[in-house]
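The values are calculated or read from the model by the stated rules, or taken from the named source; none is laboratory data. All of these numbers come straight from a predicted model, not from anything done at the bench. Cβ: placed from backbone, ideal geometry, glycine included. Neighbour counts: every protein chain shown. In case anyone asks, the SASA skips ligands and DNA or RNA and just uses the protein heavy atoms, side chains included. Shrake-Rupley method; radii C 1.70, N 1.55, O 1.52, S 1.80 Å.
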Amino acid sequence: MASPSFGEVLHSKQVTFLIGPEETPIIVHAGAIARLSAPLDRLVNGKMLEAQENVACFKDLEVQDFERICEFSYRGTYTLPKSERFSDAEVDAATQMFHLADPISPYFMPYFGAHNCEDDSSGKESEGDHEESTPTTANTSVFCDSLSPIASFWSFTNPNQDARLEWPVVSFENTSWRENFAPVFLAHARLYAFAEQYLAPALKMRALQNVRNTLAGYTLFVSGLEAVVQLARFAYERDYIPDREGRSVDPLRQLIVAYVVAHHKHFRNYSGHRQLLEGWNEYATDVLDYIAIWFDPDTIHERGRTRPSHS
């Protein structure tokens, strides 16, 4: 499907989308939405009733989610969601302010060895503004594998679907244990699920990139464990994010598992994470398969990975 020019988008017909349970109306050029994917093109330009009446309804989307989808359809990117702040009733400073792990350095090169991610109970707390940075375009086709969990967070691949991510760029970082990043993670994940549902590969990869960039800049506090668990639960329970096919695992699920395994000593005794492991979905299996990489080197080859050479 050829992508229309910006001029063609501006002169295309307008479609009213009714968003969420309250059916909030948002008017968008059909050409913008259509170029996201073939199914969306058929929705607004085909023979479906929505295309004939120029009205479509997405009741399971939040208004802000659809605003980001529209922004991406026009600009090729979308404004990053912001974190919220825990209220005093939601967190307990005596137990949840402790700093567990620093962000994973975006400049870390997997083939230079493992990044050291040690406990730090110094109670780090500071305040700062969120800054959005534009991802750069370095070599995006080469990923080096390592037996280090941190290295695998950067180098995870999805060989059957040929996932390719831009070179790591931290979108913005949390600076305080009082910041709740669950809304940030889940906003990106909802766009990822929408892209899976409507076969929109560019939006899918942008959302996946933003999840990884946000995780990369995530300082892990005790209060922040739940945000990652909520992200994992969404990825494994949300419709349209596919379960595994043979040895192929969805890229978002791979990424989350890689992050959790890299910080397993912090998640393993967290009650919310243990509940997720005990659930009926495939999360526990994927975690075990990922851990097996460091216990059984042959697993790397089974998963389509190549052991790195260290000279």
Note to self: Residues that are open to solvent by 10 Å² or more (accessible area, probe 1.4 Å), among the basic types (Lys, Arg) and modelled with pLDDT of 90 or more: does the stretch 243-264 have at least one?
What the structure shows: no
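Here is a list: Pro39, Pro106, Pro4. Which entry is out of contact with any strand residue (DSSP E or B) (no Cβ under 6 Å at 6 or more places or on another chain), at pLDDT 90 or above and not in a strand (DSSP E or B)?
Numbers: Pro106 fails: at pLDDT 90 or above; Pro4 fails: at pLDDT 90 or above.
None of the other options fit; the residue is Pro39.
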Item checked: One residue from Ala258, Ala284 being part of a helix (DSSP H, G or I), under 27 Å from Thr219 (Cβ atoms) and touching a Leu at 6+ places or on another chain (Cβ under 8 Å) -> Ala284
Check: List the pairs whose first member sits in the stretch 178-196 and is under 29 Å from Ala93 (Cβ atoms) and in contact (Cβ under 8 Å) with a residue 40 or more places away in the chain, whose second member is of a type in the set (S, T, N, Q) and open to solvent by 30 Å² or more (accessible area, probe 1.4 Å), and whose Cβ atoms are under 6 Å apart, counting only residues at least 6 apart or on separate chains?
Finding: Ala182/Gln230
Next item on the list: Starting from residues that are in a loop (DSSP other than H, G, I, E, B) and without any contact (Cβ under 8 Å) to a residue 24 or more places away in the chain, keep the ones in the stretch 261-276 and report whichever is farthest from Thr95 (Cα to Cα).
Entry: Arg268
Check: Do you know which of the residues in the stretch 56-91 that are β-branched (Val, Ile, Thr) and either open to solvent by less than 60 Å² (accessible area, probe 1.4 Å) or part of a helix (DSSP H, G or I) (or both) is farthest from Ser12 (Cα to Cα)?
Finding: Val91
